[in-house]
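The values are calculated or read from the model by the stated rules, or taken from the named source; none is laboratory data. Everything numeric here is computed off the predicted structure, so don't read it as measured data. Neighbour counts run over all protein chains shown; Cβ positions are idealised from the backbone, glycine included. Accessible surface areas use protein heavy atoms only, side chains included; no ligands, DNA or RNA. Shrake-Rupley method; radii C 1.70, N 1.55, O 1.52, S 1.80 Å.
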Amino acid sequence: MTRRSRTGWIACLGLAAVTLGGVGAEAAERTMSWESGCRFTVRFDPAKQDETRLRNTVHLLFGPSDFDSPGTLPAFEPKAVAALDPDKIDRTCKAALDAAARLEFIALPGIDDYRRARMAELKDSCDFDLAQTRGFKTPSALRDYQPAAACARFVDAIEGKTDLQQMFRQTVDKGCADNASPKACVARYVAESQKPDGQERMRIYLVNFGWTNCAINYNLRNTGEKKMEAMRSALETQFRKMFKVKQDKCEEAD
C-alpha cells in the first residue's frame, strides 16, 4: 500500500558468454544485460571484474532488488485477518536484511553508504508491515510504527478510546468522495458495519483505509525517495564511467 512499488526497479538480468578475437591472442569477454524500460548491456572481462560482484551491483542500481520487504497480504474480511502471519513477515525481513549485509559489490565510491540507506529503507518497510499486520488483531501494535505517530487518531478509535463509528463514517465519507457513485460506496460500507460482526469490520476498515493510508505518508520509501534516487543516480554515473553501457530495444510508451 505504499506509494512506491515494494519491488523496486522492474528489471531482469541475463548473462551470455561471447568471445572476441584479438591480434595475436584471444580475449574472452562476457556480457551482462538487464531491462528497465530499455534493454541495457555491458561487456566485462571476468579476469578483471568479479561476475558476482558485478551482478550484485547491477541489481542494486538497476534491479531487480536482491532484498526487499515481503509486503502484506490483503485483509478486508475477518477470515483474511485470522490467516495473517506476522511471524512469517518478521522472519522474511530478518533474512532479507541479513542477505543485504552480506552482498559484495563493485568498488564504487559511496556504494556502501547506498547499501546502508537501502537497508534502513527496508527496515522501515518491515516495521510498517509488521505493525499493520499485527494491528489487525492487536490495535496497540500500530503504535509501534513510531514514524506514523500523527495517525494515532485512528488507533484511538480502533481501541475504543474514541468513537469507533464516528471515525469509521468520517473515513468512509472521505474515501468514497472520489468514487463514481459516492452514495452507493458509503451505503456499501455502512451495510458491512451493520452485520453481526460489524464492529470488527469497522476496525478492519480503519486499519486498511484510515491508519494505513495515513501512515504510508511517513514511510521512508516516500519521505526519503528523492535522496535515495540522488544517491543511486550518482552511482550510476560512476558505473557508466567504468563500463560502456549499450542501450537498445526500448519499450514503446502507451
Return the residues of the stretch 198-224 that are open to solvent by less than 80 Å² (accessible area, probe 1.4 Å), over 17 Å from Ala157 (Cβ atoms) and not small (Gly, Ala, Ser); say none if nothing qualifies.
Ile216, Asn217, Asn219, Leu220, Arg221, Asn222
How many residues, within the stretch 167-197, are out of contact with any Asp or Glu (no Cβ under 7 Å at 6 or more places or on another chain), surrounded by 12 or more Cβ atoms within 10 Å (Cβ to Cβ) and not basic (Lys, Arg)?
17
Checked pairs for the stretch 82-102, first within 12 Å of Asp127 (Cα to Cα), second at pLDDT 95 or above, C-beta under 7 Å and 6 or more apart or across chains, list as Pro86/Leu130; Pro86/Thr133; Pro86/Arg134; Ile89/Asp129; Ile89/Leu130; Ile89/Thr133; Asp90/Leu130; Cys93/Cys126
Within the stretch 225-234, is even one residue out of contact with any Phe, Trp or Tyr (no Cβ under 9 Å at 6 or more places or on another chain) and either surrounded by 19 or more Cβ atoms within 10 Å (Cβ to Cβ) or not in a helix (DSSP H, G or I) (or both)?
no
The condition from (1) at pLDDT below 80; (2) farther than 21 Å from Met228 by Cα; (3) buried (at least 17 other Cβ atoms within 10 Å of the Cβ) that Thr41 misses is numbered (1)
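Yes/no matrix, rows are residues, columns are (1) modelled with pLDDT of 95 or more; (2) farther than 18 Å from Leu235 by Cα:
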{"site": "Ala16", "(1), (2)": "no, yes"}
{"site": "Ser36", "(1), (2)": "no, no"}
{"site": "Leu103", "(1), (2)": "yes, no"}
{"site": "Arg116", "(1), (2)": "yes, no"}
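Results for (1) farther than 26 Å from Gly71 by Cα; (2) in contact with a strand residue (DSSP E or B) (Cβ under 6 Å, 6 or more places away or on another chain); (3) in contact (Cβ under 8 Å) with a residue 24 or more places away in the chain; (4) not in a helix (DSSP H, G or I), shown as yes or no for each residue.
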| site | (1), (2), (3), (4) |
| --- | --- |
| Cys151 | no, no, yes, no |
| Thr162 | yes, no, no, yes |
| Asp173 | yes, no, no, no |
| Leu206 | no, no, yes, no |
| Cys214 | no, no, yes, no |
Taking the stretch 89-138 as the search range and keeping residues that are of a type in the set (Val, Ile, Thr) and assigned to a helix (DSSP H, G or I), which one is farthest from the chain's Cα centre (by Cα)?
Ile111
Failed criterion for Arg153 (all others in (1) open to solvent by less than 30 Å² (accessible area, probe 1.4 Å); (2) touching a Ser or Thr at 6+ places or on another chain (Cβ under 9 Å); (3) of a type outside the set (A, V, I, L, M) hold)
(1)
Just name the residue that is nearest to the chain's Cα centre (by Cα) out of those in the stretch 28-78 that are in a helix (DSSP H, G or I) and of a type in the set (D, E, K, R).
Arg55
Would you call Arg143 in contact (Cβ under 8 Å) with a residue 12 or more places away in the chain, among the basic types (Lys, Arg) and either open to solvent by 20 Å² or more (accessible area, probe 1.4 Å) or not in a helix (DSSP H, G or I) (or both)?
yes
Name every residue in the stretch 235-254 that is assigned to a helix (DSSP H, G or I) and either in contact with a strand residue (DSSP E or B) (Cβ under 7 Å, 6 or more places away or on another chain) or open to solvent by 50 Å² or more (accessible area, probe 1.4 Å) (or both), in order of residue number.
Thr237, Gln238, Arg240, Lys241, Met242
For His59, which of the numbered conditions (1) modelled with pLDDT of 95 or more; (2) under 20 Å from Asp248 (Cβ atoms) fails to hold?
(2)
Checking Glu51 against (1) open to solvent by 20 Å² or more (accessible area, probe 1.4 Å); (2) under 19 Å from Leu235 (Cα atoms); (3) in contact with a strand residue (DSSP E or B) (Cβ under 6 Å, 6 or more places away or on another chain), which single condition isn't satisfied?
(3)
